[in-house]
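Working notes, structure below.
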Amino acid sequence: MTSNRNNRTDEDAVLDAARDCVLAVGVRRTTLTDIARRAGVSRMTLYRRWPDVRTIVADLMTREWTAIPVEMPTGGDARIRLVDALVDGVAAFRAHPLLRKILEVDPELLLPYVLDRLGATQRRFLELFEDAIRAGHADGSIRAGDAARQARALLLVVQSFALSGPAATRDADLPADGLDDELRRVLDGALAP
């Protein structure tokens, strides 16, 4: 990982290799040696950038989950566009193979991001939410309030639907995606003036 151009290529190769390993065996059973072998780099190359597998996986989660398209539809008011984007984003996130594997095999990996601190992905989503909320304040479609606080409340709601939705519907034999209409109602009601 010597030049900026090569850094990005090497980093992508490492993260791609980490994704393949995690999808195959989960985080706990993935080793730095496995990732290095799949990426075609030495373990020392990995150690220069990442001290352990969990650090690589944290970067992988950020890359994968911030790449989920959260496109704001055009037309209509900002509230409707934001709610549509959030519902679609939660559905895409819930279906993401990396999230599904982590929830299935290594769910404790997500606990720090739910209980202790915000990760890079959550911070990026907060920026997007705040921008959309400010647009809603400007066009009158979102109730007045502190945009940062409102964005954090939205994060809590969508995170809950994304992470706990499958568990909340499993025992009732309901598909998790059936909650999307309820999520839409919750979000719209929370944001409406």
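Each reported figure results from applying straightforward, stated rules to the coordinates on display, with no laboratory input. Source: prediction; values computed, not measured. When we count neighbours, we look across all protein chains shown, and the Cβ atoms used for this are built from the backbone with ideal geometry, even at glycine.
Calculate how steeply helix 147-170 sits against the longest principal axis of the alpha-carbon atoms of the chain, using the helix alpha-carbon long axis, and give the answer as 0 to 90 degrees to the nearest 10. Approximately 70 degrees, to the nearest 10.
Considering only Gly136, Gly40, Gly75, the mean-square fluctuation computed in a Gaussian network model of the chain, springs between alpha carbons under 10 angstrom, is largest for Gly75.
Taking every C-alpha pair closer than 8 Å and separated by at least 6 residues, the mean separation divided by the residue count of the chain gives a relative contact order of 21 percent.
Axis of helix 78-95 versus longest Cα principal axis of the chain: the two differ by about 40°, to the nearest ten degrees.
Per residue, the chain reaches -22500 deg cm²/dmol at 222 nm when only DSSP H runs of four or more residues are counted, each adding -39500 (n - 2.57).
Only loop residues by DSSP count here, and only those with at most 12 other Cβ atoms within 10 Å; note down the trypsin sites (Lys or Arg not before Pro) in the stretch 38-123 that meet that.
Values: sites: Arg38, Arg43, Arg48, Arg49, Arg54, Arg63, Arg79, Arg81, Arg94, Arg100, Lys101, Arg117, Arg123; in loops: Arg117.
Those that pass, being in a loop and sparsely packed, are Arg117.
Compute the signed sum of charges (Lys and Arg +1, Asp and Glu -1) over the other residues within less than 13 Å, Cβ to Cβ, of Gly189. Every neighbour counted, the sum reads +1.
Projecting the Cα atoms of Pro97, Ala36, Leu187 onto the dipole axis of the chain, where Lys and Arg carry +1 and Asp and Glu carry -1 at the beta carbon, places Ala36 farthest toward the positive end. Reducing the stretch 58-117 and the stretch 152-193 to their Cα centroids gives an inter-centroid distance of 12 Å. Considering only alpha-carbon pairs that sit under 8 angstrom and 6 or more positions apart, the relative contact order computed for the stretch 4-60 is 40 percent.
With the simple spin-label model, which puts each label point 7 Å out from Cα in the Cβ direction, the Asp171 to Arg149 separation comes to 3.5 nm.
Stretching Ala95 away from Arg185 to a fully extended chain increases their span by 30.3 nm, per 0.36 nm per residue minus the current alpha-carbon distance. A Förster radius of 22 Å, combined with the Cβ-Cβ distance separating Asp77 from Leu156, puts the computed FRET efficiency at roughly 0.40. Roughly how tilted is helix 4-25, in degrees to the nearest 10 and between 0 and 90, from the longest Cα axis of the chain? With rounding to tens, the tilt is 80 degrees.
Given just the C-alpha atoms of the stretch 4-60, how large is their convex hull per residue in cubic angstrom? Walk me through the numbers on the way to the answer.
Numbers: hull volume 3.7 nm³, N = 57.
That works out to 64 Å³ per residue.
The string of couplings for the stretch 37-51 from the Karplus curve (6.51, -1.76, 1.60, θ = phi - 60°) is 4, 5, 7, x, 10, 7, 4, 4, 4, 5, 4, 5, 10, 10, x Hz, one whole number per residue in order, with x for Gly and Pro.
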